[in-house]
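Working notes, structure below.
Quick note: the coordinates plus some simple rules give every number you see, no bench work behind them. Only a predicted model underlies this, so the values are computations on that prediction, with no experimental measurement involved. We place every Cβ from the backbone using ideal geometry, glycine too, and count neighbours over all the protein chains shown.
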Protein chains: 6
Amino acid sequence: MPYVNIKITREGASAEQKAELIAGVTELLRKTLNKNPATTVVVIDEVDTDNWGIGGESVTVRRARGQ
Amino acid sequence: MPYVNIKITREGASAEQKAELIAGVTELLRKTLNKNPATTVVVIDEVDTDNWGIGGESVTVRRARGQ
Amino acid sequence: MPYVNIKITREGASAEQKAELIAGVTELLRKTLNKNPATTVVVIDEVDTDNWGIGGESVTVRRARGQ
Amino acid sequence: MPYVNIKITREGASAEQKAELIAGVTELLRKTLNKNPATTVVVIDEVDTDNWGIGGESVTVRRARGQ
Amino acid sequence: MPYVNIKITREGASAEQKAELIAGVTELLRKTLNKNPATTVVVIDEVDTDNWGIGGESVTVRRARGQ
Amino acid sequence: MPYVNIKITREGASAEQKAELIAGVTELLRKTLNKNPATTVVVIDEVDTDNWGIGGESVTVRRARGQ
């Protein structure tokens, strides 16, 4: 019955990679806490780099500097 | 003053249906807990089916199987 | 398969009132968008009044003024 | 190490304004609680006015009335 | 730089199990999307069974029935 | 009408410091985006250090090492 929300910057994750995240975190909860995969919900949010900040500046600005 | 976040898959909910959700949950909080509708905030997130997982797989894959 | 998060101030909601919220919002999603109740998840967060702000001040301060 | 999520209606905030929010809230956490800016994460969600409700109705409806 | 929020019912997860979740999901994001572990943030919320609903009723009620 | 959620580790923030965060972020949204303070909602979550991970390990473990 767990609920997992994964937020990443929108930088081209493929449907296959997102499916791998969903399968992987569902299995991790089963293995670690014996949670039922059938009712484990995973929601992935992809966030524009203008809308994600770290270190006081946006990821857009950091990427432009090569970080 | 409550805050409600409703996450659903992005599968064509209309503006009318979303207005019905907003009105309905605001009224539910007034009726149940006497919360003031004027300051009840509701945010609806519509999530791509590739980005929503249940049972360890994406809703896209489940829909393709007819689930 | 919806996920609903309801945040309210921690001011004595009973288990019965919270059960009413869970049943009510699940039914609202079934009626409005034909969502399956069996996989509708609802999480209620009760938040200390010191930790909830509106109008630039905490609910603790507002309650002390009689609001 | 704080995590801040700011939700606003999608009504034309510019990249510059969003950068100002990111810088401002990061500095606020440094000044108030001595939190390290290098690991402070800020995520801004811009939400369609159909999907944001207050007072039991959507912001789209309120804007149409001039509110 | 990802942010992951894991919500589970409060039913006695140990510090060791929670550490395993943190390590596991951080590694999953590194392996799948090449995300930097140093800036991957994981927050685990443990939610009272009265406050978690599925199928229109609380987990407290379901546990009492043996589910 | 913005909604802001601030998550910090539970390490003794006082009611005064939390009031300062609420006032500060509300003013930042007014100044930057002309948002109405009267309907700006701020929710602060304080999270146990066992439940917060960064760099693949819990803050409890990091604090024990002096980080």
What is the mean number of Cβ atoms from other protein chains located within 10 Å of the Cβ atom of each residue in peptide D:10-23, rounded to a whole number?
5
For region C:3-64, build the charge dipole from Cβ charges (+1 Lys, Arg; -1 Asp, Glu) around the Cα centre, then report which of C:Thr40, C:Gln17, C:Asn5 sits farthest towards its positive end.
C:Thr40
Return the Rg/Rh ratio of the protein assembly as shown with Cα-based radii and a Kirkwood Rh.
0.93
Mean residue ellipticity at 222 nm from the helices of chain B, using -39,500 (n - 2.57) per DSSP H segment of n ≥ 4 over the full residue count, to the nearest 500 deg cm²/dmol?
-11500 deg cm²/dmol
Below 13 angstrom from the Cβ of A:Val59, what's the summed charge of the other residues (Lys, Arg +1; Asp, Glu -1)?
+2
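Write down the percent of antiparallel bridges among all DSSP beta bridges whose residues are both part of the protein assembly as shown, to the nearest 5. All intermediate terms of the calculation are to be shown ahead of the outcome.
Values: 45 of 87 bridges.
Here the antiparallel bridges make up roughly 50 percent for the protein assembly as shown.
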For chain F, set up a GNM with springs between Cα atoms under 10 Å and report which of F:Thr39, F:Thr49, F:Thr26 has the largest fluctuation.
F:Thr39
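Would you tell me the mean number of C-beta atoms belonging to other protein chains that fall within 10 Å of each C-beta in A:25-37, as a whole number? Walk me through the numbers before you get to the answer.
Details: counts 10, 5, 3, 8, 6, 1, 3, 10, 11, 1, 2, 1, 5.
Mean partner shielding for this stretch: 5.
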Radius, Kirkwood style, for chain D when every pair of distinct Cα atoms is counted (Å):
13.6 Å
Only Cα pairs within less than 10 Å get springs; with that Gaussian network setup on chain D, which residue of D:Gly24, D:Gly12, D:Gly56 has the largest fluctuation?
D:Gly56
As a percent rounded to 5, the proportion of antiparallel DSSP bridges among beta bridges in chain D is 20 percent
What angle, in degrees between 0 and 90 and rounded to the nearest 10, separates the Cα long axis of helix E:15-33 from the longest principal axis of the Cα atoms of chain E?
50 degrees
How much length is gained on full extension from D:Ala64 to D:Arg10, taking 0.36 nm per residue of separation minus their Cα-Cα distance?
17.9 nm
Expressed as a whole number of Å, what is the distance separating the alpha-carbon centroids of region A:21-67 and region D:24-67?
20 Å
